[in-house]
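In what follows, a single structure is set out as structure tokens and then discussed.
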């Protein structure tokens, strides 16, 4: 037991040091305050706009479940994934090879650490942010169910990762399990009743037991299925570099081709770019339907979707840089400015068309008028160009650092909100769209693109100098 | 003619001084080793000389190019093998070499021919289409060695060249470096492995706390061993080493070899004074001359 305590303490310390080192040192300590402030403002704004408290609480549980899924993935897929995200890193969870500790036990402690760490650092301030909407006496229960929801997401990922160590049979079982849940939901079975959210809605012994069972079952599956000696086979690939060169000789830019290969060879290939933009489409659709049905506003789908889908610039740029290490170029005759130019070219080839394609699908699906469509298109392209420039200006080639650096993230949030909020408001209140207003929105899109270009142009020389300090 | 010249290079990272006025010359055609304990400033020296870092003070010239003013120009001319660097995870070695070849304006036929030669020499031909992230550390090191030499440069900078390699490949790499030097090229090697430096280098410079304190020709040390010189110059606690080895002696003869280190006094000003006159080597150590 003392060994477990020592390992757990080391893991918690390690997690804190990892975050505080990666994401702004002591500024990371302000992260919970930032979460509470942003969460509180969001809850207040939604409440003021007429959104039901139950809807906001349900949305928070969904977001926390997704975060749990993602956290489990990063923690457990192994050293390569960690290296891709964090550089050369060795975590305590990987010490079974060098210490007399069982891998299964280490993973159990790792999960315990994650639940405790994020429950305090992220979920406690998130629960506190609901103070404007809920009676104070309900907040402890909300914290508990949010933490339990995070655990559910974490356990689901762990179970899938554990099953994946059994190769094809394990993956089939995982797919069948996920399919069964989806089928049950489609068949109208009360799937939500077996989640922590149901416990929050109707506290009681039955709902508590129902909420407790899924994570415990998933943990049992993980413990049973996990094969600590599993080694995935080495992956091979035909030479795609020359295929790219042949495909478009005019793009014979080595860093550009490398960037495209990084995206296509990493897990999910080009589909992950499409999928991450698709999630934004779903969020946009949710917002539009919320505005129409709950708040009673007549929405301009073109302007609304075009504005929100401008945010795809950040996720795409993240994919274009996540698998790259700037030190790769430090030993080659490649100027830092050329690396940024290649990223911009890759963004133009991969990011802009993805955002525009999703925009076209969503706007046409929602019945945008030609004028609305045109204005939304200009905003979609303009906001993407602006956000690309803003991201480069704030984070250079490592946009990942945004996520937990409180100051950077606040600056980014502000930089996004300044152009996005006004155009979103227009999209929600200005129907039907007049020709002069449509023209103004098109001009706004062009201006945003210009600002993005200026931000990019000023940022590159600065990052170029900083790379050699 | 010198391939590398530095004068009073200084570099600090916050409160930490990595280089405190490093001055050195490496003549063309020499296999030069920079030897020092961890944190002595070896990697920082390479990073400055290859234009990756800007020094706080001092000057440098590499093949006649100033790495501060023209970092890309320097890297066009030289090859660099950094310590602990891996090839890009989501490329195969073959794709990585095509990438490096494109950056260096090599045509595809040249890249293919050189890759085949190096893969045969280092014994990883079967792994050319395996994703780099799935290669062992040793195989990744072989890929990085090939990338450093792909454009047949006149000068290579190598940081700990034999790390992660098995003994057979270590010998192969040593032979490759000697052949490369024999063809008239220059090797600047950084290591903390004294045996590697003694076995491989024409001349060795010892750095301590960011300064070059002496240079030696291993072949001309006579009875004295490079280890002895190194321990003395870096100020190691040789008594402790003796104790740790049970009194059998790590070969540290602190008193006996003082006479041969005639240059000690002049080292105080940096390495400029530590020239052929102070080296105990048999031939004139022209490389160190300033």
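Computed from the coordinates by the stated procedures, all read-outs in this text should not be read as laboratory data. Bear in mind that the values here come from a model prediction, so they are computed numbers and not experimental data. Cβ coordinates were reconstructed from backbone atoms using ideal geometry, including for glycine residues, and neighbour counts include every protein chain displayed.
What the table below lists for this structure:
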quantity: Translational D in µm²/s for the protein assembly as shown (Stokes-Einstein at 37 °C, 0.692 mPa s, Kirkwood Rh from C-alpha pairs); calculated: 111 µm²/s
quantity: Fraction of antiparallel bridges per DSSP, the protein assembly as shown only, in percent to nearest 5; calculated: 55 percent
quantity: Exposure proxy ranking, count of Cβ atoms within 10 Å, fewest first, for B:48, B:194, B:168; calculated: B:168, B:194, B:48
quantity: Value of [θ]222 nm, deg cm²/dmol, for the protein assembly as shown, DSSP H segments ≥ 4, -39500 (n - 2.57) each, nearest 500; calculated: -18500 deg cm²/dmol
quantity: Shielding by partners - mean other protein chain Cβ count within 10 Å, residues of A:216-226; calculated: 0
quantity: Sorted by Cβ neighbour density within 10 Å, fewest at the top, the residues A:284, A:434; calculated: A:434, A:284
quantity: Efficiency of FRET between residue A:234 and residue A:131 - r from beta-carbon atoms, R0 56 angstrom, step 0.05; calculated: 0.60
quantity: Relative contact order of chain A, pairs being alpha-carbon contacts under 8 Å that are 6 or more residues apart, as %; calculated: 16 percent
quantity: Percent RCO, i.e. relative contact order, over segment B:55-194, from Cα pairs under 8 Å lying at least 6 residues apart; calculated: 28 percent
quantity: For A:330-342, mean number of other protein chain Cβ atoms within 10 Å; calculated: 5
quantity: Ascending count of other beta-carbon atoms within 10 Å, so fewest first, for A:244, A:271; calculated: A:271, A:244
quantity: Point-to-point label distance, residue A:175-residue A:410, nm (Cα→Cβ direction, 7 Å offset); calculated: 4.8 nm
quantity: Using a Förster distance of 45 Å, the FRET efficiency for residue B:69-residue A:63 (Cβ separation, nearest 0.05); calculated: 0.30
quantity: Gyration tensor verdict on segment A:179-330 (Cα atoms; rounded if a/c is under 1.5, prolate if a/b is larger than b/c, oblate otherwise); calculated: oblate
